[in-house]
1. Treating each Cα of the stretch 249-306 as an identical point scatterer and ignoring solvent, apply the Debye formula and state log10 I(q)/I(0) at q = 0.16, 0.20, 0.26, 0.27 Å⁻¹.
2. Provide the gained length on full extension for the span residue 197 to residue 66, in nm with one decimal, where the gain is 0.36 nm per separating residue minus the Cα-Cα distance.
3. Hey, if we sort 51, 302 by accessible area with the 1.4 Å probe, largest down, what's the order?
4. State the label only: which of (1) 33, 22, 16; (2) 69, 17, 15; (3) 29, 23, 17 corresponds to semi-axes √(5λ) of the Cα gyration tensor in Å computed from the shown model?
5. Counting pairs of alpha carbon atoms under 8 Å apart in space and at least six apart in sequence, what relative contact order in percent does the stretch 207-306 give?
6. Out of all DSSP beta bridges in the stretch 1-129, what portion is antiparallel? Express it as a percent rounded to 5.
7. Within straight cross-link reach of residue 2, meaning Cα distance under 20 Å, which lysines are found once same-chain residues fewer than 8 apart are removed?
8. Assign one of three labels to the stretch 81-184, namely rounded, prolate or oblate, based on the Cα gyration tensor with a ≥ b ≥ c the square roots of its eigenvalues; rounded applies when a/c is under 1.5, prolate when it is not and a/b is larger than b/c, and oblate otherwise.
Amino acid sequence: MKQITLAFDTSNYTTSCAFFDGETGCNAGRLLPVAQGQLGLRQSEALFSHVRALPQVMEQLPLTGEIFAVGASAAPRETEGSYMPCFLAGSTQAQVLAKAMGVPCRLFSHQQGHIAAATWSAGRLSLLDRPMLAWHLSGGTTELLYVTPRGSAVTCEIIGKTTDVSAGQLIDRTGVLLGLPFPAGKALDALAAEAKEQTRYDPRLDGLDFSLSGVEHKMKQLVEKGAPAPDAAYFALSSVVSTVIRVTERARQRYGDLPVLFSGGVASNSLLRKSVSDGIFAQPQFSTDNAMGVAILTYRAVKNGE
């Protein structure tokens, strides 16, 4: 019987569990319920929903080995002061389970997990052992990272970011305005493919930082003026994609021609994938929030004696 690691990730909108055996693995997850027309959940609601969902998600995970370590996401980032209550659902579960089983427990950040899941699902796990650039594009985070190895994991330095609205927030707000369900990424992606007028807005860059609030403002103007929904969807997505490309080009001028990894739910967008020909993308199911990366990092850390 193979030895496996079991991991939990309880982000703001997805409850997930995963296992990894050194080569292969499996992730099971469930989106938290958000009422039609709402743009998210309060942390107290998210935490309660995770606690309820974890047993049901675990039932969906076909464990195929002997658990020798347990891991979890404990915070959004590995920086001091990074904290969201919803991660307590998974991290406390992992610590209690590891103690009861007499096996090690390793805690990582949600961001580290995203990067590990993306590299593994793209067939490029070796990228964890060298410097790279990585975009973390999600509902709460839009950051360009300079990623370097740290033991069996990685450390992430934020070198570029949105100064206000995240890419995921812009996409979800556009979708809800157009009557799509939350989270709106997949539906907005499909809607944008039907656009007749393919326009965009390029916000000003401040070094590697940028603001997406202007894109949101102009998108709302389009909708108010009666623009067809597909055109408004394309406008929002194309503006995000163009900004990401421009910032990436500027970062490569500063840091060298490094590999560029894309992780986070927004990284599953088809327009982004088509527009960045040399980008390294996770498989779509491992672009969104998942526990797979944490299971991988836990395996690497314990096997290496860390």
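1. The calculated log intensity ratios at q = 0.16, 0.20, 0.26, 0.27 Å⁻¹ are -0.67, -0.84, -0.99, -1.01.
2. 41.7 nm
3. Largest to smallest exposure gives the sequence 51, 302.
4. (1)
5. Computed value for the stretch 207-306: 20 percent relative contact order.
6. Here the antiparallel bridges make up roughly 55 percent for the stretch 1-129.
7. Those lysines meeting the cut-off are 303.
8. It comes out oblate by the Cα gyration axes.
The values are calculated or read from the model by the stated rules, or taken from the named source; none is laboratory data. Everything numeric here is computed off the predicted structure, so don't read it as measured data. SASA here: full protein model, heavy atoms, side chains in, ligands and nucleic acids out. Shrake-Rupley method; radii C 1.70, N 1.55, O 1.52, S 1.80 Å.
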